[in-house]
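The values are calculated or read from the model by the stated rules, or taken from the named source; none is laboratory data. Note that this is a predicted model, so its numbers are computed, not measured. Cβ coordinates were reconstructed from backbone atoms using ideal geometry, including for glycine residues, and neighbour counts include every protein chain displayed. Side chains are part of the model used for accessible areas, which takes the heavy atoms of the whole protein and leaves out ligands, DNA and RNA. Shrake-Rupley method; radii C 1.70, N 1.55, O 1.52, S 1.80 Å.
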Amino acid sequence: MTMNMKSGALRLAVTVGCMTLSAVSIAADVPANLRPALGTTPDAAMLPKSEFVFEEYVTLAPVVTQGETAMGHRQFIPITGGKVAGPKFNGEVMPGGWDYQLRLPSGCGSLSADYFIKASDGAIIRVLNQGFSCNPPVAGERSYAIPRFEAPKGPHDWMTRGSFVSSIEPVMEPGANGAPPKLLAVRIRFYQIK
């Protein structure tokens with residue numbers, strides 16, 4: 001290694017160190033007269049509001065288990081179709097999507113559902129609904145995710161431009177003769193954050 005390379009590496013280390021110190025000092029320079037004070041619960045008028053926009057009843061094929069991988073326990077659920085209804089959107093869930101799930105060794109898990117819905121006017125919108133939770137999975141319990149929509153330009157592009165949250169509830173079929181219940185579908189409600 002030449003002397004120039006060594007001094008270049010030293011300058012880089014010092015520069016990185018300075019950037020880190022600068023970032024720390026910026027975070028500490030909160031004005032004393034900042035109102036409301038940093039960390040204070042905002043007034044109710046400042047809190048985000050949500051508006052129910054539509055819900056889906058998504059039918060599912062049986063779970064396909066990949067098994068234990070280096071990342072954790074991997075499985076996916078094929079989406080077979082469904083209905084969409086609500087005050088701002090109506091249509092159907094198109095067959096052919098997937099709900100990918102990964103349960104990590106720590107007990108946390110992620111889901112990533114990727115599928116399409118078709119509006120009553122024929123427009124096709126992509127849905128990517130992603131969530132992460134460290135709560136142990138409990139049969140029949142609601143979970144939450146953050147959806148993103150990709151709609152064509154036109155009457156549904158409010159979906160592409162908006163921010164949303166979704167709640168997901170499993171729809172179970174009771175097991176016969178003491179068998180465990182079977183997952184038939186999920187009911188997903190979508191709320192736009194205003």
Review point. In the stretch 36-188, carbon and sulfur make up what percent of the accessible area (probe 1.4 Å)?
Key: 59 percent
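Just check the stretch 31-106 against the gyration tensor rule for me: Cα atoms, a ≥ b ≥ c as the square roots of the eigenvalues, rounded for a/c under 1.5, and otherwise prolate or oblate depending on whether a/b exceeds b/c.
oblate
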Study note, to complete from the structure: Rounded to whole Å, √(5λ) for the Cα gyration tensor eigenvalues of the stretch 68-194, largest first, gives 27, 18, 14
Point to revise | Reach of LYS83 by Cα under 21 Å, taken over lysines that are not fewer than 8 positions away in the same chain | key: LYS118, LYS182
Revision key, fill the gap. Charge tally for neighbours of GLY67 with beta carbon under 14 Å away, counting Lys, Arg as +1 and Asp, Glu as -1, is +1
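Exactly which GluC sites (Glu not before Pro) in the stretch 66-146 are in a DSSP loop and have at most 12 other Cβ atoms within 10 Å? Don't jump to the answer; show the numbers that get you there.
Numbers: sites: GLU68, GLU92, GLU141; in loops: GLU141.
Here the GluC sites (Glu not before Pro) that fit, given the DSSP loop and packing criteria, are GLU141.
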